[in-house]
Amino acid sequence: MPAHRTRASTESQACWTTAPGHAEIRPATVGECAPGEVVVRALHSGISRGTELLVYRGQVPPSEFERMRAAFQEGDFPGPVKYGYASVGIVEQGPPALQDRHVFCLHPHQTRYRVPADAVHLLPEGVPAARAVLAANMETAVNALWDAAPRVGDRMAVVGGGVVGLLVAWLAARMPGCEVEVIDTHAARAAVVERLGASFASPATARPDADIAIHASGHPEGLALALDLAAFEATVLEMSWYGSQPVSLRLGEAFHARRLVLKSSQVGQVAAAQRARWTRRRRLMLALQLLREPVLDALITDSAPFDELPQVLARLARGAPDTLCQRIDYS
């Protein structure tokens, strides 16, 4: 058989959400590796506490069924569906330049898979595979800061100390003169916030008059707080996506008098300010390069083997406030 076309193992398993609140492991077929393709053996994957759990709960509204499709998703909403987008693995078969290299791929949770070679991204030197599961979250954080456009010396409030909020805070705190405060209801987050170079506050003690307020808690109450913390003519950036959940806001009171700007941010498109020069691939490579910092390991608080993934999803869907990034490990 020619070296450029080899047969991959057909042994693979993938996680499917089969009904709201229920997932199971199913067999998957990898098939034959053709020219221009790679076969990846997964080492780790990450679970999105936001979008992925909305999919798991069956909370994707019909209007978003097409827009919310993930790369290499199988099945259709509302389900059964194979979903996920934070896989790290090693190339078992493919072009010589990729053979045996560690890569990141926007692929659902699956032990082995075959994709076009241009769908994988080489991990930069100094980024371990176990940390690279944060790449999709980091890409979201980068896009958010492009949307928010903070300036040197700005005071920023980040409401919601989950993984994305903490990555936004870490990036913003590296800007000269910026003062970044993370507001969260879980006091235990204070230690990791301070390690990332930001300060921590509860909703009751949060500092007002933020030049930029970024909301990433996933709860409508957090967005209301972000609006309260914003200064005159400040921007409030909404990063949370609520799926089919309705959200009520107090847009009376001082909202108009303070001339606030409420702006959405979503990673599906490169931020408008950068779109003329940046592709999604370039943005993802930047996100991977930013993961060289060992301090970011503090965001990966939990790990579990792949065969426990259905139970892990159920646990996360119930709340699990002490979990930041949940990593899945493959044997």
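Can you tell me which residues in the range 75-98 are surrounded by fewer than 18 Cβ atoms within 10 Å (Cβ to Cβ), farther than 15 Å from residue 116 by Cα and in contact (Cβ under 8 Å) with a residue 40 or more places away in the chain?
Answer for the range 75-98, where residues must be surrounded by fewer than 18 Cβ atoms within 10 Å (Cβ to Cβ), farther than 15 Å from residue 116 by Cα and in contact (Cβ under 8 Å) with a residue 40 or more places away in the chain: 75, 78, 80.
Find all pairs meeting these conditions: Cβ atoms under 7 angstrom apart; at least six residues apart or on different chains; first residue within the range 298-313 and under 27 Å from residue 194 (Cα atoms); second residue assigned to a strand (DSSP E or B) and of a type in the set (S, T, N, Q).
Short answer, once both residue conditions are applied: 302/326.
Just the residues that are charged (D, E, K, R) and part of a strand (DSSP E or B), please, taken from the range 52-101. Write out each step before concluding.
The first filter runs over the range 52-101 and keeps only residues charged (D, E, K, R), leaving 52, 57, 64, 66-67, 69, 74, 76, 82, 92, 100-101.
If the condition is that a residue be charged (D, E, K, R) and part of a strand (DSSP E or B), then 74, 82, 92 are the ones that fit.
Being of a type in the set (A, V, I, L, M) and in a loop (DSSP other than H, G, I, E, B) is the filter; apply it to the range 273-331 and report the residue that is surrounded by the fewest Cβ atoms within 10 Å (Cβ to Cβ). Before the answer, list the steps.
Step one: filter the range 273-331 for residues of a type in the set (A, V, I, L, M), giving 273, 276, 284-288, 290-291, 295-296, 298-300, 304, 309, 312-314, 316-317, 320, 324, 328.
After this cut, where a residue has to be in a loop (DSSP other than H, G, I, E, B) as well, the list is 273, 276, 291, 320, 324.
Details: 273: 11, 276: 7, 291: 23, 320: 15, 324: 21.
Only one residue fits best here, namely 276.
Could you run through the range 246-265 and say how many residues are among the hydroxyl-bearing types (Ser, Thr, Tyr) and exposed (fewer than 13 other Cβ atoms within 10 Å of the Cβ)?
Our first condition is that a residue be among the hydroxyl-bearing types (Ser, Thr, Tyr); within the range 246-265, this holds for 248, 264-265.
After this cut, where a residue has to be exposed (fewer than 13 other Cβ atoms within 10 Å of the Cβ) as well, the list is 248, 264.
Adding up the residues that qualify gives 2.
May I ask you to verify whether residue 316 is touching a residue at least 40 places away in the same chain (Cβ under 8 Å), in the same structural domain as residue 25 (by TED's automatic domain parsing) and under 16 Å from residue 48 (Cβ atoms)?
Considered against the rule, which asks whether it is touching a residue at least 40 places away in the same chain (Cβ under 8 Å), in the same structural domain as residue 25 (by TED's automatic domain parsing) and under 16 Å from residue 48 (Cβ atoms), residue 316 comes out as yes.
Out of 295, 236, report the one residue that is among the aliphatic types (A, V, I, L, M), within 22 Å of residue 144 (Cα to Cα) and either in the same structural domain as residue 144 (by TED's automatic domain parsing) or within 17 Å of the chain's Cα centre (by Cα) (or both).
On the way: 295 fails: either in the same structural domain as residue 144 (by TED's automatic domain parsing) or within 17 Å of the chain's Cα centre (by Cα) (or both).
Residue meeting the stated conditions: 236.
Hey, among the residues in the range 54-97 that are more than 23 Å from residue 39 (Cβ to Cβ) and of a type in the set (Ser, Thr, Tyr), which one's nearest to the chain's Cα centre (by Cα)?
The residue in question is 56.
Would a scan of the range 30-38 turn up a residue that is farther than 27 Å from residue 11 by Cα and surrounded by fewer than 16 Cβ atoms within 10 Å (Cβ to Cβ)? Before you say what the answer is, go through the steps one by one.
Let us first name the residues in the range 30-38 that are farther than 27 Å from residue 11 by Cα, namely none.
Checking the range 30-38: not a single residue is farther than 27 Å from residue 11 by Cα and surrounded by fewer than 16 Cβ atoms within 10 Å (Cβ to Cβ).
Within the range 232-258, which residues are in a loop (DSSP other than H, G, I, E, B) and at pLDDT 95 or above?
Going through the range 232-258, the residues in a loop (DSSP other than H, G, I, E, B) turn out to be 239-258.
Residue satisfying the conditions is 239 alone.
Pick from 184, 209: which is closer than 19 Å to residue 235 by Cα and charged (D, E, K, R)?
On the way: 184 fails: closer than 19 Å to residue 235 by Cα.
It is 209.
Taking residue 2 as the residue in question, decide whether it is at pLDDT 95 or above, outside any strand (DSSP E or B) and of a type outside the set (Ser, Thr, Tyr). Spell out the reasoning first.
Values: at pLDDT 95 or above: no; outside any strand (DSSP E or B): yes; of a type outside the set (Ser, Thr, Tyr): yes.
No; evaluated as a whole, the condition is false for this residue.
If I filter the range 39-51 for residues that are part of a loop (DSSP other than H, G, I, E, B), at pLDDT below 95 and not small (Gly, Ala, Ser), do I get at least one hit? Working first, answer last.
First, the residues of the range 39-51 that are part of a loop (DSSP other than H, G, I, E, B): 48-50.
Still in the running and at pLDDT below 95: 48-50.
Within this subset, residues satisfying the condition of being not small (Gly, Ala, Ser) are 49.
Yes, the range 39-51 contains a residue that is part of a loop (DSSP other than H, G, I, E, B), at pLDDT below 95 and not small (Gly, Ala, Ser).
The values are calculated or read from the model by the stated rules, or taken from the named source; none is laboratory data. None of the values given here were measured: they were computed from a predicted structure. So basically every Cβ, Gly included, is an ideal-geometry build from the backbone, and we count neighbours across all protein chains shown.
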